[in-house]
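The values are calculated or read from the model by the stated rules, or taken from the named source; none is laboratory data. Everything numeric here is computed off the predicted structure, so don't read it as measured data. Note that each Cβ is placed from the backbone with ideal geometry, even for glycine, and that neighbours are counted across all protein chains shown. All accessible areas refer to the heavy atoms of the entire protein, side chains included, with ligands and DNA or RNA removed. Shrake-Rupley method; radii C 1.70, N 1.55, O 1.52, S 1.80 Å.
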Amino acid sequence: MTEPTAYQHTALSVPEKWNLLLCGGRGGGKTTAMALVILRHCEKYKGSARPLVVRETHKALTDIEDKLHALFFAAYGAAVSHSRTEHIFRLPNGAQVECGQIDGPRAYTKYQGRETTLLCVDEYGLFRDRRWVDMLKSNLRAAEGVPLRVVASANPGGPLHAHIHRNYVAAAPAWHPFELEGEMWVCAPSTLRDNPHLDHTDYERRLRASCGRDEALARAWIDGDWNIARGAYFAGDIDERVHMLPVAWPHIVTRKHWLPFIAMDWGSSAPSVTYVCLRAPGDIGPFPKGSLILLDELATADRRDPNVGLGWPPDKLAEAVKEMCGRWNISPSGVGDDAVGLGDTLLQSLSNSGIYLTRPRKERISGWQAMRQRLVATKEGNGQPGMWITARCRYFWETVPYIQRDDARPEDIDTMGPDHAADAARYAVMHCNEPGWRSSRHTVY
């Protein structure tokens, strides 16, 4: 059995009373570190140890299950029982380790009510919905003296990138404990340079070759950089240094000059996002005529999860939208998607509350292309209508730069991720691009 690296020793030294996030670039030894944590837990607590290792798919479990197989057989020899069918290891000291898949309510029922002493989540960032992982925490139960713990691994990118970056990686310096939802966590980052078993120069060369011209992806894989949009739909198109405007808006917003309107993506269980949008006149500020500015934002997103809404009904949302519009002295009219099942349709309900919206053009692919064209125009400074977003639009900046592509349809966005701000922005872009565009156009029911 290979001696643990210095990084893995340090990860093992984190007190068991704290949860652990193994994060960073490729080749740093995170998966082996997780396997070593499991082995120590089993050896220390023997028959009371019941670790559970989960990934989103069965196929993805193979890597860590193979590592555990090699580790357990090196430690215990033929006394280990490993059922590939059940994905269960039974160790001679009475400990039992299970590897499993969880991606929804059906998969969760397999674990409901069962005892787990150590929950290990491999490649946490690739899960499309964190709810099922969170629900597994209710299975953490043990006899007195056995600490209950969550250990997760994650690389930059994936559907949960924004969630992990905001709540874990950016919450505290590496190796410093911090509190999240009543639990103590420690982030333990690594890169290929922390792995002495690799030829660093050769491995880095191969990683760069795999990244092609995607420098952001190279920074993620090699340096473990979370301040990038690895594999994101708008990677290379959107840059905070170029597209983000300050919170303070120096210009008076008038209907005559800025043609203000609102753009809304409705959600209840999912977030609802509404933007105050401006269309630049061309002679104020550095914005070419027809440029789109997302000035202000109302996002009903759970701060703990960017893909979960606050459950606001239409009348409560309408009051908040009108309050936002009142700050800028603009009319609450514009564009927004519709919904049924609310008695009246959503747009009718909002109209009854004084919010006047027309249905957006919902061509997804052409909408994303139009949005990208505006972002690129801003970045290149080519004089064409661009797109800017103020720092007031926090939910936009937390989610849109990291939205992933749809694996089955690369020209579209993965709708399983937090795409709500992106959808509202797309409606705004399409609204601005309509021939003979006027902000006053709306339907009154």
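Please report, as a whole percent, how much of the solvent-accessible surface of the stretch 273-428 comes from carbon and sulfur atoms (probe radius 1.4 Å).
Looking at the stretch 273-428 in its full context, I get 47 percent from C and S.
Near G386, once Lys and Arg are set to +1 and Asp and Glu to -1 for all other residues with Cβ below 13 Å from its Cβ, the sum equals +2. With contributions of -39500 (n - 2.57) from each DSSP H run of at least four residues, the per-residue ellipticity at 222 nm computed over the chain stands at -9000 deg cm²/dmol.
Rolling a 1.4 angstrom probe over the protein heavy atoms, how many square angstrom per residue are accessible across the stretch 1-120? Solvent-accessible surface per residue comes out at 43 Å². Between T345 and N227, how high is the FRET efficiency from 1/(1 + (r/R0)^6) when r is the Cβ-Cβ distance and R₀ = 51 Å? Nearest 0.05. Computed FRET efficiency for T345 and N227 comes out at 0.80. Among rounded, prolate and oblate, which fits the stretch 26-120 when a ≥ b ≥ c are the square roots of the eigenvalues of its C-alpha gyration tensor, a/c under 1.5 means rounded, and a/b larger than b/c means prolate? It is oblate, given that a/c is not under 1.5 and a/b is not larger than b/c. Using the 1.4 Å probe convention, the accessible area of the stretch 121-222 works out to 46 Å² per residue with neighbouring protein chains retained. Please check: in the Gaussian network model of the chain (C-alpha springs, under 10 Å), which one of F73, F396, F127 has the largest mean-square fluctuation. Among F73, F396, F127, the largest mean-square fluctuation in the Gaussian network model of the chain belongs to F73. In this structure, the amide hydrogen of G334, modeled 1.01 Å from its nitrogen in the peptide plane, lies closer than 5 angstrom to those of I262, Y356, L357, T358, counting only residues at least 5 positions away or on a different chain.
Would the chain count as rounded, prolate or oblate if I go by the C-alpha gyration tensor, calling it rounded below 1.5 in a/c and otherwise prolate when a/b exceeds b/c, oblate otherwise?
prolate
The residues of the stretch 278-339 expose, per residue, 40 Å² of accessible area to a 1.4 Å probe. Residues of the stretch 279-306 falling in the label zone of S353, defined by backbone nitrogen less than 16 Å from a point 7 Å along Cα to beta-carbon, are 298-301. Spatially, the stretch 1-72 and the stretch 392-434 are offset by 35 Å when compared through their Cα centroids.
Past 28 Å, Cα to Cα: identify those pairs from K59/K137; K137/K316; K46/K137; K46/K67; K322/K362, in the order given. K137/K316, as the Cα separations exceed 28 Å there. Can you list the GluC sites (Glu not before Pro) in the stretch 164-194 that are in a DSSP coil and have 12 or fewer other beta carbons within 10 angstrom? Passing sites in the stretch 164-194 are E181. Residue-wise HN-Hα couplings along the stretch 365-380, as the Karplus relation 6.51 cos²θ - 1.76 cosθ + 1.60 with θ = phi - 60° gives them from phi, are 5, 5, x, 5, 5, 5, 5, 4, 4, 5, 4, 5, 4, 5, 5, 7 Hz; Gly and Pro carry x.
Using a 1.4 Å probe on the protein chains only, how many percent of the accessible area of the stretch 24-139 belongs to carbon and sulfur? Accessible surface attributable to carbon and sulfur in the stretch 24-139 totals 51 percent.
Look at the Cα gyration tensor of the stretch 134-246: its axes a ≥ b ≥ c give a/c of at least 1.5 with a/b at or below b/c, and that counts as oblate.
Listed values for the stretch 166-177 are Karplus-derived 3J(HN,Hα) couplings in whole Hz (6.51 cos²θ - 1.76 cosθ + 1.60, θ = phi - 60°), namely 5, 8, 10, 4, 8, 6, 6, x, 4, 6, 9, x, and x replaces Gly and Pro. Distance between the 7 Å Cα→Cβ label points at T10 and Q369: 4.8 nm. What the phi angles of the stretch 299-311 give under the Karplus curve with 6.51, -1.76 and 1.60, with θ = phi - 60°, is a coupling list of 10, 8, 9, 5, 4, 7, 8, x, 10, 10, x, 9, x Hz, glycine and proline written as x.
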